[in-house]
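Structure record follows, encoded as structure tokens.
The values are calculated or read from the model by the stated rules, or taken from the named source; none is laboratory data. Since the structure is predicted, the reported quantities are computational estimates derived from the model, not experimental observations. Note: ideal-geometry Cβ built from the backbone for every residue, glycine included; neighbour counts use all protein chains shown.
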Amino acid sequence: MSILFGSSDVDRFWSKVDIKDSNECWNWIAGIGTNGYGQFSVKFKKIGAHQFSYLLHNNIYEIPDKLCVCHRCDNRICVNPKHLWLGTYKDNSEDCEQKNRTTKGSKHGNSKLTEDDVVEIRKMYKNKQIGIKDIADIFGVSRTIIQRAATGDTWKHVDSPICEKRNKAVGLDLAVEIRRLYNTGEYKQKELCDIYGLLSSEMSEIINNKIWRE
Ligand SMILES: [Zn+2]
């Protein structure tokens, strides 16, 4: 239950969603704006349905400045929190995914990060909702480069708080869950890396019971 939004708003929101299994798209079944996103209004303000879903799920009141809620599934009317992640606006386009694709290979074509990028990367890395792969895609560099910049292995001189390496945050419960998912045979190792924002080396240690053993 959200402490930020009233239960009537929250109930009204979910009544307009076709809720399916946790990994499927949850489509918005009410009004859709000309931009193709589901529309919701709360406290007399219009907001994208996917944005409201993100706020609810993360218990935050506003989308942080300069960030936008993007879809992993490329389905604009989907409001499944699992399919939503925060991305950056790199230009004036309203479409994160589109921008995300064009950013790859253009501005960041040669994998050159700037100090501003590193500040942004560290902010995103802290937010565990965003997979390392997603961050890597936005900046057009490898996951290792992201991880090293975020944890202060590189870019030590950049004045922004460095992050703890993510694998410390895995924990036994999540490791057990990851192994269970892997053993169903429905997920490839790489997909699990993407879902949980882990490096493949860490993932194989988890799957092979080398770390976080029961
Ligand atoms: Zn979806």
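Just one of the numbered conditions (1) modelled with pLDDT of 90 or more; (2) touching a Lys or Arg at 6+ places or on another chain (Cβ under 8 Å); (3) within 25 Å of Y196 (Cβ to Cβ) is not true of T88: (1).
Taking the condition in the same structural domain as H157 (by TED's automatic domain parsing), modelled with pLDDT of 50 or more and not aromatic (F, W, Y), does D65 pass? No. When the range 56-71 is filtered for residues that are out of contact with any Cys (no Cβ under 9 Å at 6 or more places or on another chain) and more than 25 Å from G6 (Cα to Cα), only K66 remains.
Note on the range 21-55: residues that are in contact with a strand residue (DSSP E or B) (Cβ under 8 Å, 6 or more places away or on another chain), assigned to a loop (DSSP other than H, G, I, E, B) and under 10 Å from N80 (Cβ atoms) total 2. Contact map, the range 22-40: residues that are in contact (Cβ under 8 Å) with a residue 12 or more places away in the chain paired with residues that are of a type in the set (A, V, I, L, M) and exposed (fewer than 14 other Cβ atoms within 10 Å of the Cβ), Cβ distance under 8 Å, separation 6+ or inter-chain. Pairs shown: W26/I19.
Look through the range 1-17, keep the residues that are in contact with a strand residue (DSSP E or B) (Cβ under 7 Å, 6 or more places away or on another chain) and farther than 21 Å from W85 by Cβ, and return whichever of them is nearest to the ligand (Cβ to nearest atom).
Pass one, the range 1-17, residues in contact with a strand residue (DSSP E or B) (Cβ under 7 Å, 6 or more places away or on another chain): 5, 9, 13, 16-17.
Those left that are additionally farther than 21 Å from W85 by Cβ: 9, 16.
Numbers: D9: 22, K16: 15 Å.
Step by step, filter the range 1-17, then rank; the result is K16.
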